[in-house]
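Values quoted throughout were computed directly from the atomic coordinates according to the rules given, and no laboratory measurement underlies them. It should be emphasised that the depicted structure is a prediction, and the values quoted were computed from it without experimental measurement. Here the Cβ positions follow ideal geometry from the backbone for every residue, glycine too, while neighbour counts run over all protein chains shown.
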Amino acid sequence: MATEIKYEWIVSQMNCQIKEGELTNVVNMVHWRRTATQGVEGEEGYYFADVYGALPITNPDPEDFIPYEQLTKVDVDGWLNEMTEPTPQELDENLAANIELQINPVEETLPLPF
């Protein structure tokens, strides 16, 4: 029986506007990877897929602004989970399809016959 696929955001960096109005160190771009794993790493039946991208962040609300130094992974994951193009669900569907093709491939690269 196949194990459940686990999905995770990995944030590699965030670009910031040094000053925007009265706000400082305003995140304007989140560089991310979305990973999908199935099974236990290092064991037979382990599968991994990932995709990467960047999310632009615009128009910070001064009333809801979190200083850069106080941002947490939960905060940034929340921004990523609100992406609309592509949506996290679309990313996860594509990652699951990638893992399915690893488990049940439909093509292969053969050595040259000559």
- Item | Residues (in contact with a Pro (Cβ under 9 Å, 6 or more places away or on another chain) and of a type in the set (A, V, I, L, M, F, W, C)) located in region 1-49 | TRP9, LEU23, VAL26, VAL27, MET29, VAL30
- Among the residues of region 73-114, which ones are acidic (Asp, Glu), surrounded by 11 or more Cβ atoms within 10 Å (Cβ to Cβ) and over 27 Å from THR58 (Cβ atoms)? GLU100
